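Step one of this worksheet: look at the structure below.
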Amino acid sequence: MPDKQMAIQRAWRQGSNSERPIMVAIAGDSASGKTTLTKGLVEALGPERITAICVDDYHRYDRAERKTLPFTPLHPACNYVDVMEQHLQLLALGQPILKPVYNHSTGTLDRPVLVEPSEFVIAEGLLPLHTRLARACFDVTVYLDPPEIIRRRWKVQRDVTKRGY
């Protein structure tokens, strides 16, 4: 891991005139509070200072396709982890990305969106810390692990009220 981190730092020092963003990962299981924490940080520090992305947008399959598969979106094979790694590296270097979008309401993959890094970049989701290369992109990492009984209650409440399940 340190070798990747050093390579990113060296590339940043040699490259652009802009400062490298502070990269923050917020990881955890489904409904562990990742999005809530991210929204709180955006509110506290200001939306003009933070670029927040959800790495769950890197799902490889839409909801209909996943019904035929033997694994869930929690499984790395159900995600474009290599694209996520590349995008995290680019953001860590202060470069924009064209990020995929997974629509949780419809279960479809929507058009990608242009993401420009700000002073802080928060990457939240199931797998931002899954690989050594992804971990090397972050200055701060957080893993949320609430008690299972609470997490399940949060998941049911979220899925019923926000996602219409």
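Net charge within 15 Å of Y61 by Cβ-Cβ distance, Lys/Arg positive one each and Asp/Glu negative one each, not counting Y61 itself?
On the way: positive: R60, R63, R66, K67; negative: D56, D57, D62, E65, D110.
So the environment of Y61 carries a net charge of -1.
Using only the Cα atoms of region 51-125, what do you get for the radius of gyration and for Dmax, in Å?
Rg and Dmax of region 51-125, Cα atoms, are 12.8, 41 Å.
Determine the equivalent ellipsoid of the chain by diagonalising the alpha-carbon gyration tensor, then write out the semi-axes as square roots of 5 times the eigenvalues, largest first, rounded to whole Å. Let's see the in-between values first.
Details: eigenvalues 150, 63, 47 Å².
Each semi-axis is the square root of five times an eigenvalue, giving 27, 18, 15 Å.
Could you tell me what percent of the accessible area of the chain is made up of carbon and sulfur, with a 1.4 Å probe and every protein chain present?
Working: 5270 of 9480 Å².
Roughly 56 percent, rounded to a whole number.
Give, in nm to one decimal, the length gained when the segment between D29 and K162 is fully stretched (0.36 nm per residue of separation minus the Cα-Cα distance). List each step's numbers first, then the result.
Numbers: separation 133, 0.36 × 133 = 47.88 nm, distance 1.76 nm.
Contour length minus the Cα-Cα distance gives 46.1 nm.
For K99, give me every one of the aspartates and glutamates with a C-alpha distance below 14 angstrom, ignoring sequence neighbours fewer than eight places off in its own chain.
Result set, ordered by chain and number: D56, D57, D82, E85, D110, E116, E124.
Under the definition of Cα pairs under 8 Å and six or more residues apart, what whole-number percent is the relative contact order of the chain? Kindly include the intermediate steps, with their values, before the conclusion.
Working: 260 pairs, mean separation 65.4, N = 165.
The normalised contact order for the chain reaches 40 percent.
Taking only protein heavy atoms into account and a 1.4 Å probe, give the accessible area per residue of region 34-165 in Å². Could the numbers behind the result be given before it?
Working: 7570 Å² over 132 residues.
Accessible surface, normalised per residue, equals 57 Å².
Counting only other residues whose beta carbon sits under 12 Å from that of Y80, what net charge do I get with K and R as +1, D and E as -1?
Charge balance near Y80 sits at -2.
Could you grab the Rg to Rh ratio for region 32-73? Cα atoms only, Kirkwood for Rh. Write out the running numbers ahead of the final one.
Numbers: Rg = 14.8 Å, Rh = 12.5 Å.
That ratio equals 1.18.
Could you work out the local net charge near P112, counting Lys and Arg as +1, Asp and Glu as -1, over the other residues with Cβ closer than 12 Å to its Cβ? List each step's numbers first, then the result.
Numbers: positive: K99, R111; negative: D57, D110.
It works out to a net charge of 0.
The values are calculated or read from the model by the stated rules, or taken from the named source; none is laboratory data. Bear in mind the structure is a predicted one, so any value in this text is a computation, not a measurement. Because the Cβ atoms are built from the backbone with ideal geometry, glycine has one as well, and the counts that use them run over all protein chains shown. Each accessible area value is taken on the protein alone, full model and side chains, heavy atoms only, with ligands, DNA and RNA left out. Shrake-Rupley method; radii C 1.70, N 1.55, O 1.52, S 1.80 Å.
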